[in-house]
1. Please compute, over every Cα-Cα pair in the range 77-171, the percentage with a separation greater than 17 angstrom.
2. Please give the length that would be gained between residue 183 and residue 310 if that part of the chain were fully extended, namely 0.36 nm times their separation in residues minus their C-alpha to C-alpha distance (nm, one decimal).
3. If you add up the charges near residue 158, with Lys and Arg at +1 and Asp and Glu at -1, over every other residue whose beta carbon is less than 15 angstrom from its beta carbon, what do you get?
4. Note down the nm distance, to one decimal, between modelled labels 7 Å out along Cα→Cβ at residue 292 and at residue 79.
5. Using alpha carbons only, how many degrees (0 to 90, rounded to 10) separate the axis of helix 232-242 from the longest principal axis of the chain?
6. Estimate the FRET efficiency between residue 299 and residue 93 by the formula 1/(1 + (r/R0)^6), using the beta-carbon distance for r and 25 Å for R0, to the nearest 0.05.
7. With θ set to phi - 60°, apply the Karplus curve 6.51 cos²θ - 1.76 cosθ + 1.60 along the range 261-278 and write out the HN-Hα couplings as whole Hz, x wherever there is a Gly or Pro.
8. Place a +1 charge on the Cβ of each Lys and Arg in the chain and a -1 charge on the Cβ of each Asp and Glu, then give the dipole magnitude about the Cα centre in debye, rounded to the nearest 20.
Amino acid sequence: MTVENQNYIDINNLEIREKLLKHCRLKLGDIWTDKSNRHVIACGDATDLNFLKKIFENKEPAALAIHDPPYNLVMFKTREVSEFIKFCKKWIDNSNEFLSENSSLYIWLGADQRNHFKPLPEFMAMMSETEFMSRSFITMRNQRGYGTQKNWMAVRQELLYYTKGTPKFKVQYTDIPKILRGYYKEVAGVTTENMERSKSENIRSSNVWVDIQQVFYRMKENVNGCPAQKPLKAIERIILASSSEDETVLDFFGHSGTTIIAAEKNKRKSISVEIDPLYCEISIRRLEHFQKTGQAGWQNNNPFEKELKEIIGTEFVAA
Ligand SMILES: C[S@@+](CC[C@H](N)C(=O)[O-])C[C@H]1O[C@@H](n2cnc3c(N)ncnc32)[C@H](O)[C@@H]1O
């Protein structure tokens, strides 16, 4: 989070966190279902097969999984790459268990350019031993980069797309109008120009996404306290391409609950697993807030506004 956000308060500060935990509805092992009975938020470990079996009791398998695991980098504890890959193999096997015969699997993953792009190559090698088929290697461009004058600025986020069986795929379009004309091709004996052949006035979404804004505190969808939040538009794009209405979308690393909001907005069901009760509560509140107000986040405000006022005891406002 940048210092520009004057209202920001770190809800992961240990002392504040301790107090907020008392207001969290879920503890490890709990499973919550929303009032519409379409979204499940489960507090637990994505590698724990028995816990997942409980969540999926009497539920149909998911048509799509979108996972955004804690990378081996920066924010979370660093562990050896081999350990990280063993961890990944477990939740990949678990995904296989709860995905339908014809389904899609998307995984966001980092690549450390200072260390042989780990853990991306190791992850890809591990996936090649599973029954998932590789389909696309997508890069999303961040607006804010990092780097020095001595290297290319780093702005990319990697997204891997795999399938099991033969799931449907619906082409998606960006908001960027097509400007290139003049690609002639003969179709059924008639020479046509590319705009005539096109299904949309806009550019088709490819495996390089440059049209999605990275989340920051001025955006309505921002959820303060969730530093790893993915843009809603990116998750909606995946959901629209790789699932249909009323199908279930699975997310093993819920955090701010972006997948749940994207599912609700697009009439899908969702199952979200998250190990931290604080993030489970944030996801629950985010869904309830969306259902009540239509807002996907709190912008400069905070999901724990009321509690933080009490805890900190000032007129602050919630970051
Ligand atoms: C990178 S964030 C996901 C961000 C999410 N896509 C979003 O848009 O908000 C990863 C999350 O995984 C959670 N997590 C870490 N290990 C986990 C595990 N073994 N099982 C379930 N959740 C876990 C972390 O607490 C963190 O909230």
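1. Details: 2534 of 4465 pairs.
Within the range 77-171, distances greater than 17 Å cover 57 percent of Cα pairs.
2. The span from residue 183 to residue 310 would gain 39.4 nm if fully extended.
3. Working: positive: 118, 135, 141, 156, 230; negative: 68, 112, 122.
Charge balance near residue 158 sits at +2.
4. 3.7
5. Here the helix axis deviates by roughly 50 degrees.
6. Rounded to the nearest 0.05, the efficiency is 0.05.
7. Residue by residue, the range 261-278 yields 5, 4, 5, 4, 4, 10, 6, 9, 8, 9, 10, 10, 10, 8, 7, 9, x, 5 Hz.
8. Values: 45 positive and 42 negative charges, 122 e Å.
In debye, rounded to 20, the chain gives about 580.
Since every read-out is calculated from the coordinates, none of them should be taken as a lab result. A quick note: this is a predicted structure, and the numbers were derived from the prediction, not measured. Cβ atoms come from the backbone with ideal geometry, glycine included; neighbour counts cover every protein chain shown.
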